1. For region 61-180, which helices (runs of 4 or more DSSP H) that fit wholly inside it have 1 or more residues that are under 19 Å from Phe31 (Cβ atoms) and among the β-branched types (Val, Ile, Thr)?
2. What residue, among those in region 55-81 that are modelled with pLDDT of 95 or more, in contact with a Leu (Cβ under 8 Å, 6 or more places away or on another chain) and surrounded by fewer than 21 Cβ atoms within 10 Å (Cβ to Cβ), is farthest from Ile124 (Cα to Cα)?
3. Looking only at region 176-188, count every residue that is open to solvent by 50 Å² or more (accessible area, probe 1.4 Å) and closer than 16 Å to Gly115 by Cα and tell me the total.
4. Test Glu133 against the criterion of being open to solvent by 20 Å² or more (accessible area, probe 1.4 Å), within 18 Å of Asp170 (Cα to Cα) and touching a residue at least 40 places away in the same chain (Cβ under 8 Å), and give yes or no.
5. Only residues that are buried (at least 18 other Cβ atoms within 10 Å of the Cβ) and at pLDDT 90 or above: list them for region 136-151, please.
6. Failed condition for His122, given (1) surrounded by fewer than 19 Cβ atoms within 10 Å (Cβ to Cβ); (2) more than 23 Å from Glu179 (Cα to Cα); (3) out of contact with any His (no Cβ under 8 Å at 6 or more places or on another chain), with all others met?
7. Based on this model, can you work out whether Gly93 counts as of a type outside the set (A, V, I, L, M) and within 22 Å of Gly44 (Cβ to Cβ)?
8. Cβ-Cβ below 8 Å, separation at least six or inter-chain, first residue in region 15-26 and under 14 Å from His55 (Cα atoms), second open to solvent by 80 Å² or more (accessible area, probe 1.4 Å): which pairs?
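The values are calculated or read from the model by the stated rules, or taken from the named source; none is laboratory data. The structure displayed is predicted, hence computed values, not measured ones. In this analysis, Cβ positions are derived from the backbone assuming ideal geometry, glycine residues included, and neighbour counts consider all displayed protein chains. Please note that ligands, DNA and RNA were not included when accessible areas were found on the heavy atoms of the full protein model with its side chains. Shrake-Rupley method; radii C 1.70, N 1.55, O 1.52, S 1.80 Å.
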Amino acid sequence: SARALPCVERCLAHGRDAIVRAAHVAIVAVFRTHASVHDGWFPGYLERSLERFPHHTPAEPFVAAVGTVAKHCEPGSRLPCLTAAALVDRARGLDKAGDEVSVEAASSLRRLVFGLLSLVDHAIVHEMRTHAEAAVVSAGYWARDAGESKAARMRAYDDLVRNGVLACSDYGRKNALVEWALKCKSRL
């Protein structure tokens, strides 16, 4: 029930990984069954989860929570766009760290943004594409030279095509995404 959220929220910062994972799974269940709590609880959940990502936020339930809210939020809700912007910002921050774990975590967050393209309400697809493009362009911040940076952006673009465009099962949306993705590639 949604009444359990305050208790579950405190468990997100627990020292034991099993309790943290259970808290994330419980939050996903609440978000899936109580869409009315999305606006009030999800922004705080997202912020806390991203602060602790990737070391203390389990990826699978976090991705499930983001996907659940993006898919089941009120029509026209800006929550998925705010989520995408936060994911891109955290990916940039992880890229700045430059170590292998952080760069891979940044790539995971970008793939999550790309996956949201097929889940969100049609009314916000255009804005979501803007965030996805920002995710591609921001890749490679850690690179030591322009060639390495371009290669990172191209890997991010390949992730966009694979996890955003080709994964979309909505044929009407897919055609527009293909056209948009080709334009994105020309700007890289």
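1. 79-97, 100-116
2. In this case the residue turns out to be Thr57.
3. 1
4. no
5. Selection gives Val136, Ser138, Ala139.
6. (2)
7. In short, yes.
8. Asp17/His56; Val20/His56
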